[in-house]
Each structure stands twice: as C-alpha cells, then as structure tokens.
Amino acid sequence: MTTDQPAFHAAANGGKAGPLPFDTSVANQARIYDYLLGGKDNYAADRAAAEAALKIYPDGAFTARANRSFLGRAVRYLAAEQGIRQFLDVGTGIPTGGNIHQVAQAIAPETRVMYVDYDPIVLAHSRALLNSHQAGATDYIQADVRDSATIIDRAGQLLDLSQPVAVTLVAILHAIPDSDDPFAVVARLLAALPAGSYLAVSHLASDVLEEGTQEDLETTTTPMFQQHFTYRSKADVGRLFTGLDLVDPGIVRLEEWRPDPAAAESGRSICWCAVGRKP
C-alpha cells in the first residue's frame, strides 16, 4: 500500500467523501494488527508504529500471525470437539481471513456469533462480519469491553444465554489498564453465562522478553498509540481463568497451543494464551 486511502475510506463515512471519523495521524491497535497480518486497511502512522516495534522485537509480525492462528485453532476445537454453537467475540478488530463465524460455520453452519468492538474503524467493516451462513447468524455490537452490562444485554438478543457460549478475548485485555481491573471485566462476562461455557484469551506477556526489551517497546511505541498496553505475566493471565478448568496444554505461548504441525512457522511469540471451561 502506497497511499493513505484504505479500502474502507468510503464505508467509514457512510459511503460519502469527507473527513474520516477518526484520527489517522495516531497509530491504532486494530490497524497495526491489520498491517502486521499483511492487510491494506492501515495508515502511515500505523505502519510507522509497527516498524518501530519490529526493530526492537523482530518476531512481532510472527506474533500477529500466531495470534490469528491461535484464534482459528481455538474456535475449531470449541466447535468441532466441544460442540459449542455460540460465540461472543469481544475486541473483534478489523475483519480478515478466518473470522470466527467462517471457521465455526464451516464445522456447524447453525453457529451464532456476536462480535463486539468499540472502535469506529471496526464498525466501518462490520458488514463483512454479518455475511453469515443462512443456517446460522451473526451480529455486531459497538461497545467497550468494560461495558459488560451492554454487551450481555445486546448479546442476549442473538445468543441463547441459557446455553453454553464461548467468549473470545483475543489480544484485547492488554489494552485494559490495571486501574480498570481486567480480571473483574472477565468475571462479569462469565458470570452471565452458564456452566459449559468457555473463555479463550491471548495477552501480551511481560515475562518472556529479554531484560529491557519491554521497556524499549513501551518507550518507542507508546507515544504513537491511542492507548497504553499493559504487559502481564503468566500468573496474571492465569488469574483471568479463576474458577475455570484450563484446557490442555494450559497457559502457553500462542504457537504452543494445540499446534498444527502442517502449518508450523518458525518464531517465538510475545503472548500468553489459554482456553478454559466454566464448570
């Protein structure tokens, strides 16, 4: 991409030309992720932030790909092996290949998926998330992950909350500072769901980098972002699963969670991930 005119430019303005409803001069998490995955829906600020991070941690692009792959494997596991037919994806990000409904409905066409994101950039793409198999259904909520009441209320308009639901919080909770208590955020969402529901999480890790690397990443990239990221330890990620039964292999790096040998890629991710079941 050589211009700052992403494919969603018109969609973000309701199909009309004019100023975009967001600041393109500030790097955005969803657009940086899109860039690292090889997408086209990003701006110069996003690419600059991504490249600055890659100079410090070259496996950053691998981490993005590994994160997307983990999501796909987790959804396939939940749909094919555990019979989950309802998903609540909070922190959806810009749609790309292998969206949850595409993966799950390939296994069970009747699957229902509710997508959630607060970002107007993602809202501009939400039409792609609504292209459901006719036997199933999808919908989109524009809401912040911290607004649990709104998410649960709106999700209940599509999902049957008396039946198991898989909640996916993939690469989103590190955008929630300790002051907003991400552990309570997760607990509130799970409290509204019945036994047999699942939680899938990936999260930037504070305890896998060489000494000083995390500080370098924060010092270099934080001024470019709309938000600060909070790296957390493996033990902290474990706290997100309080009261749940962890699925084997437990809390591991992205590439280590039930890997597909046929799709193996060399690299070491900077994220912890896990899947747990509500007993």
Given 14 as the ceiling on other Cβ atoms within 10 Å, longest exposed-site-free region of the chain for GluC sites (Glu not before Pro) in DSSP loops: 1-109
Below 14 angstrom from the Cβ of I172, what's the summed charge of the other residues (Lys, Arg +1; Asp, Glu -1)? -3
Helical segments meeting 15 Å axial Cα length and Kyte-Doolittle -1.0 threshold in the chain (DSSP H): 44-56, 60-76
Given (1) 0.96; (2) 0.94; (3) 0.98, which label gives Rg/Rh (Cα atoms, Kirkwood Rh) as computed from the coordinates? (2)
Expressed as a percent, the accessible surface of the stretch 124-210 that is carbon or sulfur, using a 1.4 Å probe and the full set of protein chains, is 45
Under 1.5 on a/c is rounded, so check that first for the stretch 43-128, then, if it is not, pick prolate when a/b is larger than b/c and oblate when it is not; a ≥ b ≥ c are the square roots of the alpha carbon gyration tensor eigenvalues. oblate
For V26 and E215, what is the calculated FRET efficiency with R₀ set at 22 Å and r taken between the beta-carbons, to the nearest 0.05? 0.50
Using modelled backbone amide H atoms (1.01 Å from N, in-plane), which distant-in-sequence or interchain residues come within less than 5 Å of V170's amide H? V90, S202
Using 0.36 nm per residue, how much length does the chain from A262 to H228 gain when fully extended, once their Cα-Cα distance is taken away? 8.7 nm
Suppose each label sits 7 Å from its Cα in the direction of the beta carbon; what would the A184-Q134 distance come out to in nanometres? 4.7
Within the chain, count lysine pairs with alpha carbon atoms under 29 angstrom apart where the residues are 8 or more positions apart or belong to different chains. 4
Per residue value of the accessible surface for the chain (all protein chains in place, 1.4 Å probe), Å²: 43
Here the FRET efficiency for L54 versus D207, based on Cβ atoms and R0 = 22 Å and rounded to 0.05, is 0.55
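The values are calculated or read from the model by the stated rules, or taken from the named source; none is laboratory data. For clarity, every value in this text was computed on a predicted model and none was experimentally measured. Please note: Cβ atoms are built from the backbone with ideal geometry, for glycine as well, and neighbour counts cover all protein chains shown. For the accessible areas, the whole protein counts, side chains as well, though only heavy atoms, and no ligand, DNA or RNA atoms are used. Shrake-Rupley method; radii C 1.70, N 1.55, O 1.52, S 1.80 Å.
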